[in-house]
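The values are calculated or read from the model by the stated rules, or taken from the named source; none is laboratory data. Note that the structure is a prediction, hence the values are computed from the model and not measured. Using ideal geometry, Cβ is built from the backbone for each residue, glycine included, and neighbour counts are taken over all protein chains shown. These area figures cover heavy atoms from the full protein model, side chains too; ligands, DNA and RNA do not enter into them. Shrake-Rupley method; radii C 1.70, N 1.55, O 1.52, S 1.80 Å.
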Amino acid sequence: MSHHDPNEIYPVPEGRAETALINAERYTQMYRRSLEDPDGFWREEARRIDWMTPFTEISDVSWDKDDLHIRWFADGKLNASVNCIDRHLAERADETAILWEGDDPADDKAITYRQLYEAVCRLANGLKSIGVQKGDRVTIYMPMIPEAAYAMLACARIGAVHSVVFGGFSPDALAGRISDCESRFVITADEGLRGGKTIPLKANVDKAVESAGDVDQVIVVRRTGADVAWDETRDVDYATLVAGQDANCDPEPMNAEDPLFILYTSGSTGKPKGVLHTTGGYMVWASMTHEYVFDYRPGEIYWCTADVGWVTGHTYIVYGPLANGATTLMFEGVPTWPGPDRFWQVIDKHKVNTFYTAPTAIRALMREGDEPVKKHSRASLRLLGTVGEPINPEAWCWYYRVVGEERCPIVDTWWQTETGGALITPLPGVTDMKPGSATRPFFGVEPALMDADGKRLADNGAAEGNLVIARSWPGQMRTVYGDHQRFIDTYFTAYPGYYFTGDGARRDTDGYWWITGRVDDVLNVSGHRLGTAEIESALVSHDDIAEAAVVGYPHDVKGQGIYCYVTLMGGRKAEDEDIAEIKAWVRQEIGPVATPDLIQFAPGLPKTRSGKIMRRILRKIAENDFSNLGDTSTLADPSVVEDLIENRKNR
Ligand code: 6R9
C-alpha cells in the first residue's frame with residue numbers, strides 16, 4: 001500500500017525549462033503583466049488570431065448582476081474557420097491537420113490542411129444550399145469522424161452556430177437540446193462505431209426529430225453503410241450534398257461577440273444549460289492555452305482523447321490545435337478495445353508527442369496493470385495531461401511513472417465548459433508538480449476563495465473555500481442560450497462581482513491550487529469541511545479498492561455523515577472484515593474526522609458517458625430516498641442504479 005505526502009514535489013523534468021516556450025521567469029513576468037496591465041497584455045496576445053477588421057477595444061465587462069455584460073475585442077471582426085485553416089495554407093497546406101484513427105486499428109487516415117480547407121468549404125456551400133444562414137443553429141450529433149470537425153468548421157465559416165450533442169446521448173436528451181435552441185438542421189451519421197459496436201445515430205435522430213418538431217433537414221454521413229430509414233423530404237445524403245459544391249467558400253466576417261457555438265452542460269438543478277461562447281475571445285483563449293499549456297511546437301503530434309461532444313473536444317481537439325496549425329489526432333474508438341493497450345498502441349503507431357486524457361480513463365487502465373503499457377515504447381511522448389475531475393495521487397503517480405517514465409510533465413488542467421479553456425494548470429517548463437494539484441493560474445486568471453459568508457479570504461497563505469474568479473478572461477462563456485437570467489443567477493449572484501465556479505478549492509502555502517470537487521459535494525462533518533475527492537482518493541489508494549465515490553447523508557450527531565460507495569479490485573465480493581479494514585484505512589490516511597460512517601460495496605458506480613460519477617443519484621440512495629432520482633437519461637449504464645438501490649435496501 002502506498003502513502004502520499006501532499007507536499008511531495010515533482011520538479012520540472014530535467015532540460016525541460018530550457019527548451020519550453022515559457023520558463024519560470026517568463027511566467028512570472030507575463031502573469032504579473034496580465035493582471036497589472038491587462039489591456040496591454042491582451043492587445044498583444046490577441047494578435048495570435050488573424051482579424052479581418054482589427055479590434056481597438058479590449059474588454060468591456062460588468063459582472064454586476066443588474067448590468068451583466070461581457071465583451072472582448074468587440075469592434076474586431078474575424079472568422080474562426082479562417083484561423084483554423086486558411087491562414088495555415090501558405091506554409092503547411094500539405095501537412096496533416098487531422099490524423100484520424102478509426103475504431104478498427106486498421107482504419108486510419110491523414111487529412112492535410114488543404115484537404116481540410118476543401119472539405120470545409122464544400123460543406124459550408126452545401127449548408128448554404130439547403131438554406132442554413134448566419135445565426136442559424138445547427139445540431140451536430142456525430143461519431144468521432146473527421147466530418148464532425150468539418151461540420152463545426154463549416155458552421156463557423158458561414159456564421160451558423162453549432163450545437164454539438166454527444167453521440168452517446170439518448171433521443172430524448174437530443175430532442176431537448178434541439179428544441180431548446182430551435183435548431184432546424186441536424187448533421188449526423190448512419191451509425192457510430194465504438195469498441196466494435198454500432199450506435200444507431202440516425203435512428204436516434206429520427207426519434208428525436210419526431211418529438212422536437214421543427215427540424216427541416218437532416219444531413220447524414222455514411223459511416224457504416226447501414227440501411228437506415230430515409231425521409232426524402234427531410235434527409236440529405238452528406239456525400240451528395242457536398243459532391244457538386246465549389247471547394248472555395250468566402251468566410252463570413254463575424255463580430256468578435258457573435259456566437260460561435262452552444263454546448264449543453266448539466267447544472268446542479270434543472271434542464272441542461274446551453275453554454276454560449278462567442279468568436280473572438282474564445283479563439284484567443286483556445287489558441288493561447290493550447291500553445292502554452294501543451295508547450296506546442298510545429299510538427300508535433302498532439303492527441304486529446306475527449307469526444308467532440310464535450311467542451312474538451314471543442315477547445316483541445318478542434319479549435320485550439322487547428323488555430324495553431326497543429327496535427328490533432330482524432331480517435332473514434334475506446335481505450336480498451338480491441339485490447340487494454342489501445343492508447344499505448346496508438347501512441348506508438350502515430351508517434352504521439354502530447355497525450356491528454358481523463359483521470360477516469362487513467363484509473364481504468366491502471367487496473368489493467370503495467371504490462372499493456374510496457375508492451376509499447378511510448379518513446380515519442382513528451383507531455384501528458386489530464387482534465388475533467390480531480391486526479392487522485394495514486395493515478396497521477398502511475399501516469400507519471402509508468403506511462404510517462406518520469407520524463408513527461410503532467411499538466412492537470414482545471415477548467416469548465418463555462419470557462420472555454422484551461423484556467424488553472426501547470427505549464428510544462430515552469431511548474432513543479434504536486435500530484436493532485438492543478439497548481440497555478442494561467443495568464444490573466446485571478447482565482448480567489450470565498451468563505452461561507454461570502455467574504456473573500458486572504459490571497460496569501462493556506463486557505464480553503466469556494467472557488468471564484470475575480471476578473472473576466474477572454475474565453476469566458478457569455479450567456480446561457482435563451483436564458484440570460486439563469487446565467488446571472490447561476491454564476492454571478494452567490495458572490496457579487498465574482499464568477500462562481502461551483503467548485504471548492506484549497507490553496508497551500510506554496511500558492512498551489514487544489515480543486516476539492518464541486519461545492520455541493522463538500523461535506524461538513526462535525527463542523528469539519530471534507531472534500532469528497534479527498535476521501536475518495538484515500539479509499540482508492542487502498543490496494544483492494546478499484547473505485548470509490550463518497551457522498552454526505554444526514555447524520556443526527558455530526559450533521560453530515562460520510563457514505564462511501566466502494567468497488568473492490570477485480571469485482572471481488574466484500575467480506576465483513578473489509579468494512580473494518582477500510583474504515584481504519586481512511587482514518588489513518590486522513591484522520592479520525594474522515595472515518596467513513598457507512599460503506600456500501602457496489603459492483604459499479606453511476607457515471608455519465610463522459611465518465612463523471614453522478615453524485616446526485618448516490619446522495620439520494622444514501623439518504624434512502626429512491627423516489628426522486630431525477631434525470632438518469634445521461635447515465636452510461638442505468639442498470640447500475642437498480643443494483644445500488646437493491647443493495648441499499650438489503651443493508
Ligand atoms: C473541462 C471540463 C467541469 C468540472 C469542474 C470541476 C471538474 C475539470 C478538473 C476538474 C479537478 C481538474 N474538473 N477539470 N476538477 N481538477 N483538472 O471537464 O468541463 O465537463 O464542464 O466539467 O469538472 O469540478 O467544475 P466540464
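Filtering the stretch 291-320 down to residues that are in a helix (DSSP H, G or I) and closer than 13 Å to residue 428 by Cβ, which residue is nearest to the ligand (Cβ to nearest atom)?
293
Here residue 417 passes the criteria (1) surrounded by fewer than 23 Cβ atoms within 10 Å (Cβ to Cβ); (2) on the phi > 0 side of the Ramachandran plot; (3) within 15 Å of the ligand (Cβ to nearest atom) except the one numbered (2).
Would you say residue 492 is under 16 Å from residue 66 (Cβ atoms), touching a residue at least 24 places away in the same chain (Cβ under 8 Å) and among the aromatic types (Phe, Trp, Tyr)?
Values: under 16 Å from residue 66 (Cβ atoms): yes; touching a residue at least 24 places away in the same chain (Cβ under 8 Å): yes; among the aromatic types (Phe, Trp, Tyr): yes.
Against the criterion (under 16 Å from residue 66 (Cβ atoms), touching a residue at least 24 places away in the same chain (Cβ under 8 Å) and among the aromatic types (Phe, Trp, Tyr)), residue 492 qualifies.
Counting the residues of the stretch 433-467 that are more than 10 Å from the ligand (Cβ to nearest atom), hydrophobic (A, V, I, L, M, F, W, C), open to solvent by less than 10 Å² (accessible area, probe 1.4 Å) and assigned to a loop (DSSP other than H, G, I, E, B) gives 3. In the stretch 37-65, which residue that is touching a His at 6+ places or on another chain (Cβ under 9 Å) and open to solvent by 30 Å² or more (accessible area, probe 1.4 Å) is nearest to residue 256 (Cα to Cα)? For the stretch 37-65, the residue satisfying everything is 60.
Answer yes if at least one residue in the stretch 357-377 is free of Cβ contacts under 8 Å to residues at least 24 places away in the same chain, in a loop (DSSP other than H, G, I, E, B) and surrounded by fewer than 21 Cβ atoms within 10 Å (Cβ to Cβ), and no otherwise. Scanning the stretch 357-377, I find at least one residue that is free of Cβ contacts under 8 Å to residues at least 24 places away in the same chain, in a loop (DSSP other than H, G, I, E, B) and surrounded by fewer than 21 Cβ atoms within 10 Å (Cβ to Cβ), so the answer is yes.
Checking the stated criteria, residue 430 turns out to be in contact with a helix residue (DSSP H, G or I) (Cβ under 6 Å, 6 or more places away or on another chain) and more than 13 Å from the ligand (Cβ to nearest atom).
Could you tell me whether the stretch 66-78 includes any residue that is of a type in the set (Gly, Ala, Ser), touching a strand residue (DSSP E or B) at 6+ places or on another chain (Cβ under 7 Å) and either over 30 Å from residue 397 (Cα atoms) or surrounded by 14 or more Cβ atoms within 10 Å (Cβ to Cβ) (or both)? Full working, then the answer.
First, pick out the residues of the stretch 66-78 that are of a type in the set (Gly, Ala, Ser): 74, 76.
Narrowing further to those that are touching a strand residue (DSSP E or B) at 6+ places or on another chain (Cβ under 7 Å): 74, 76.
Okay, now just the ones that are also either over 30 Å from residue 397 (Cα atoms) or surrounded by 14 or more Cβ atoms within 10 Å (Cβ to Cβ) (or both), so 74, 76.
Checking the stretch 66-78: at least one residue is of a type in the set (Gly, Ala, Ser), touching a strand residue (DSSP E or B) at 6+ places or on another chain (Cβ under 7 Å) and either over 30 Å from residue 397 (Cα atoms) or surrounded by 14 or more Cβ atoms within 10 Å (Cβ to Cβ) (or both).
Restrict the check to the stretch 598-606 and report whether at least one residue is open to solvent by less than 30 Å² (accessible area, probe 1.4 Å), part of a strand (DSSP E or B) and either modelled with pLDDT of 90 or more or within 16 Å of the ligand (Cβ to nearest atom) (or both). Within the stretch 598-606, one or more residues are open to solvent by less than 30 Å² (accessible area, probe 1.4 Å), part of a strand (DSSP E or B) and either modelled with pLDDT of 90 or more or within 16 Å of the ligand (Cβ to nearest atom) (or both).
Does residue 391 satisfy the criteria of being within 16 Å of the ligand (Cβ to nearest atom), assigned to a loop (DSSP other than H, G, I, E, B) and crowded, with 22+ Cβ neighbours inside 10 Å? Even if it seems obvious, please write down each step before you answer.
Details: within 16 Å of the ligand (Cβ to nearest atom): yes; assigned to a loop (DSSP other than H, G, I, E, B): yes; crowded, with 22+ Cβ neighbours inside 10 Å: yes.
Judged against the criteria, residue 391 is a match.
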